[in-house]
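Report on the following structure.
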Amino acid sequence: MKYGFATRAIHVGQEPDPLTGAVVVPLYQTSTYEQEAVGKHRGYEYSRTQNPTRAAWEKNLTALEEGTAAFAFASGMAAIDAVLRLLPPGSHVLAAEDMYGGTYRLFQQVLAQTGLEFQYVDMTDLDTVRMAVRSDTRMIYAETPTNPTMRLTDIAAVSEIAHQHQLLFVVDNTFMSPYFQRPLTLGADIVIHSVTKYLGGHSDLVGGAVVVKDSAIAEQLQFLQNAVGAVPSPFDCWLCLRSVKTLAVRMEQHQKNALAIAQLCEEHPAVHIVYYPGLPSHPQHTLAQRQMTGFGGMLSIDLGSKEKAFAFIDRLQIFTLAESLGGVESLVCYPVTMTHASVPESLRRRLGITEGLVRLSCGIEDTADLVADVQQALDAVA
Ligand code: P1T
């Protein structure tokens with residue numbers, strides 16, 4: 001790891017094309033490759049299995065997360081599904097109770113039918129995690145910070161618990177991106193991304209990724225990527241290669257905007273609770289400072305009621321009401337009926353996903369404009 005993050009993002013896997021000197025990785029929009037004779041080819045047979053544009057993107061991702069191999073998928077959900085397929089039927093998985101609603105739905109409504117057993121625990125409580133490990137547990141699965149209430153899992157501490165029991169520890173690093181957090185360097189075995197978010201960064205593609213350290217796991221994932229076939233198109237990989245070059249500068253501006261809005265919300269009488277790990281009032285601010293190099297562009301606020309939440313969303317001018325996050329444009333989302341509709345109401349209530357909760361994905365617009373927009377919308381509901 002000779003170079004810094006931004007240099008790696010711009011150059012690793014993105015060397016000038018040896019054939020023509022093109023400084024941008026060519027888009028190999030092809031499904032198949034000529035073979036000179038049966039079985040005699042240049043390393044590429046079929047684009048589900050290998051594609052040079054995808055290979056460049058995977059090489060880049062490997063360098064950003066400081067892993068040994070990366071695998072691109074057609075969506076974040078496809079990436080998560082591939083990782084869970086590493087486990088034999090009958091495996092017990094300790095999963096965070098606080099996760100993206102789609103992950104919970106995949107675990108409960110799809111994978112639980114295939115012989116995996118999921119137990120949901122409070123990952124912020126290490127004793128709970130320790131006590132929940134069983135003889136048939138094979139994996140610990142967490143998202144940190146969590147979507148949407150920004151709770152943190154102590155990656156180094158949970159890695160230690162996992163490794164004491166020979167379990168795989170998987171971290172969904174979507175919210176921080178590798179720019180602000182690199183779980184593999186803190187002990188995690190597998191990192192997952194919804195590439196749709198900060199890595200893609202422009203709300204114009206859906207993608208996923210898995211990055212690993214261990215070569216045996218890499219081999220299994222490579223097999224699954226080809227055998228199951230949920231791969232991204234060469235064009236989407238090409239868009240990712242383009243997007244990732246600006247990841248470092250984007251993340252800085254996302255964070256600057258989120259911090260300014262979080263500070264405003266903390267002072268504003270209309271806001272009951274602010275969830276942002278960059279605020280000293282966040283219960284895990286010290287852990288955030290220890291394991292992350294920044295706090296990201298996501299925050300959630302609780303306005304106390306559905307009526308106030310709806311009125312606030314309605315008043316916003318720059319933030320667009322939409323699912324997803326991590327794009328250059330600011331988005332607002334209502335988790336109860338949008339991203340977390342698949343989570344049972346009792347669990348939602350316990351996690352703080354209330355009718356008054358609103359999630360903000362702060363884009364990279366001018367800070368003053370976003371702050372003014374949130375201020376006027378809050379003033380209207382105060
Ligand atoms: O949408 P997809 O690319 O398949 O990724 C799923 C996913 C995985 N992990 C996390 C932490 C996520 O937030 C998501 C997708 N989330 C949204 C669509 C959302 O608005 O929260």
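The values are calculated or read from the model by the stated rules, or taken from the named source; none is laboratory data. All values derive from a computational prediction rather than experimental measurement. Ideal geometry is used to build each Cβ from the backbone, glycine not excepted, and the neighbour counts take in all protein chains shown. Ligands, DNA and RNA are excluded from the accessible area calculation, which covers all protein heavy atoms including side chains. Shrake-Rupley method; radii C 1.70, N 1.55, O 1.52, S 1.80 Å.
With respect to ALA63, is the statement that it is among the small types (Gly, Ala, Ser), surrounded by 16 or more Cβ atoms within 10 Å (Cβ to Cβ) and modelled with pLDDT of 95 or more true? Give the derivation first.
Details: among the small types (Gly, Ala, Ser): yes; surrounded by 16 or more Cβ atoms within 10 Å (Cβ to Cβ): yes; modelled with pLDDT of 95 or more: yes.
Yes; evaluated as a whole, the condition is true for this residue.
Tell me which of these GLY356 doesn't satisfy, since it passes every other one: (1) over 21 Å from the mean Cα position of the chain (by Cα); (2) closer than 25 Å to THR103 by Cβ; (3) open to solvent by 10 Å² or more (accessible area, probe 1.4 Å).
Going through the list (1) over 21 Å from the mean Cα position of the chain (by Cα); (2) closer than 25 Å to THR103 by Cβ; (3) open to solvent by 10 Å² or more (accessible area, probe 1.4 Å), GLY356 breaks only (3).
Hey, does the range 175-186 have a residue that's more than 16 Å from the ligand (Cβ to nearest atom) and within 20 Å of PHE107 (Cα to Cα)?
There is no residue in the range 175-186 that is more than 16 Å from the ligand (Cβ to nearest atom) and within 20 Å of PHE107 (Cα to Cα).
Is it true that LEU199 is in contact with a helix residue (DSSP H, G or I) (Cβ under 8 Å, 6 or more places away or on another chain), touching a residue at least 24 places away in the same chain (Cβ under 8 Å) and either in a helix (DSSP H, G or I) or hydroxyl-bearing (Ser, Thr, Tyr) (or both)?
Working: in contact with a helix residue (DSSP H, G or I) (Cβ under 8 Å, 6 or more places away or on another chain): yes; touching a residue at least 24 places away in the same chain (Cβ under 8 Å): yes; either in a helix (DSSP H, G or I) or hydroxyl-bearing (Ser, Thr, Tyr) (or both): no.
No; evaluated as a whole, the condition is false for this residue.
Quick one: which residue in VAL332, VAL271 is within 19 Å of VAL381 (Cβ to Cβ), open to solvent by less than 30 Å² (accessible area, probe 1.4 Å) and within 16 Å of the ligand (Cβ to nearest atom)?
Just a single option satisfies the conditions, and that option is VAL332.
For the range 1-34, enumerate the residues that are surrounded by 14 or more Cβ atoms within 10 Å (Cβ to Cβ), β-branched (Val, Ile, Thr) and within 24 Å of the chain's Cα centre (by Cα).
Once the filter is applied, which keeps residues that are surrounded by 14 or more Cβ atoms within 10 Å (Cβ to Cβ), β-branched (Val, Ile, Thr) and within 24 Å of the chain's Cα centre (by Cα), the range 1-34 yields ILE10, VAL12.
Taking into account only those residues within the range 203-229 that are out of contact with any helix residue (DSSP H, G or I) (no Cβ under 6 Å at 6 or more places or on another chain) and assigned to a loop (DSSP other than H, G, I, E, B), which is farthest from ALA74 (Cα to Cα)?
Taking the candidates together, the pick is ASP214.
Tell me whether the range 121-144 contains one or more residues that are of a type in the set (Val, Ile, Thr) and under 22 Å from ASN226 (Cβ atoms).
Of the range 121-144, the ones of a type in the set (Val, Ile, Thr) are 121, 124, 128-129, 133, 137, 140, 144.
Those still in the list that are under 22 Å from ASN226 (Cβ atoms) too: none.
Taking every residue of the range 121-144 in turn, none turns out to be of a type in the set (Val, Ile, Thr) and under 22 Å from ASN226 (Cβ atoms).
What are the pairs with Cβ atoms under 9 angstrom where one residue, in the range 127-142, is farther than 23 Å from ALA82 by Cα and touching a residue at least 24 places away in the same chain (Cβ under 8 Å) and the other, located anywhere, is assigned to a loop (DSSP other than H, G, I, E, B) and charged (D, E, K, R)? Sequence gap at least six, or different chains.
As it stands, the answer is VAL129/ASP122, since those pairs meet every condition given.
Could you say which residue among PRO269, PRO280, PRO232 is of a type outside the set (A, V, I, L, M, F, W, C), in a loop (DSSP other than H, G, I, E, B) and under 30 Å from VAL212 (Cα atoms)? First the steps, then the outcome.
On the way: PRO269 fails: under 30 Å from VAL212 (Cα atoms); PRO280 fails: under 30 Å from VAL212 (Cα atoms).
Testing whether each residue is of a type outside the set (A, V, I, L, M, F, W, C), in a loop (DSSP other than H, G, I, E, B) and under 30 Å from VAL212 (Cα atoms) leaves just PRO232.
Are any residues in the range 93-109 over 17 Å from ILE190 (Cβ atoms) and surrounded by 18 or more Cβ atoms within 10 Å (Cβ to Cβ), and if so, which ones?
Once the filter is applied, which keeps residues that are over 17 Å from ILE190 (Cβ atoms) and surrounded by 18 or more Cβ atoms within 10 Å (Cβ to Cβ), the range 93-109 yields GLU97, ASP98, GLY101, GLY102, TYR104.
Name every residue in the range 306-329 that is away from the ligand (no atom under 16 Å from the Cβ) and of a type in the set (S, T, N, Q), in order of residue number.
Hit for the range 306-329 is GLN317, nothing else.
Any idea which of ALA78, ALA112, ALA63, ALA96 is under 14 Å from HIS193 (Cα atoms) and either assigned by TED's automatic domain parsing to the domain that holds GLN14 or of a type outside the set (Asp, Glu) (or both)? It would help to see each step written out before you state the result.
On the way: ALA112 fails: under 14 Å from HIS193 (Cα atoms); ALA63 fails: under 14 Å from HIS193 (Cα atoms); ALA96 fails: under 14 Å from HIS193 (Cα atoms).
That would be ALA78, the only listed residue that is under 14 Å from HIS193 (Cα atoms) and either assigned by TED's automatic domain parsing to the domain that holds GLN14 or of a type outside the set (Asp, Glu) (or both).
Any residue at all in the range 35-47 that is open to solvent by less than 70 Å² (accessible area, probe 1.4 Å) and in contact (Cβ under 8 Å) with a residue 40 or more places away in the chain?
Scanning the range 35-47 turns up at least one residue that is open to solvent by less than 70 Å² (accessible area, probe 1.4 Å) and in contact (Cβ under 8 Å) with a residue 40 or more places away in the chain.
Name the residues in the range 62-90 that are away from the ligand (no atom under 12 Å from the Cβ) and either hydroxyl-bearing (Ser, Thr, Tyr) or over 13 Å from GLN222 (Cβ atoms) (or both), would you?
THR62, ALA63, LEU64, GLU65, GLU66, GLY67, THR68, LEU84, LEU87, PRO88, PRO89, GLY90, listed by residue number.
Which members of the range 151-188 meet the condition of being within 14 Å of GLY208 (Cβ to Cβ) and open to solvent by 10 Å² or more (accessible area, probe 1.4 Å)?
Passing the criteria: ASP172, THR174.
So which residues in the range 189-230 are under 11 Å from the mean Cα position of the chain (by Cα) and open to solvent by 30 Å² or more (accessible area, probe 1.4 Å)?
Residue satisfying the conditions is LYS197 alone.
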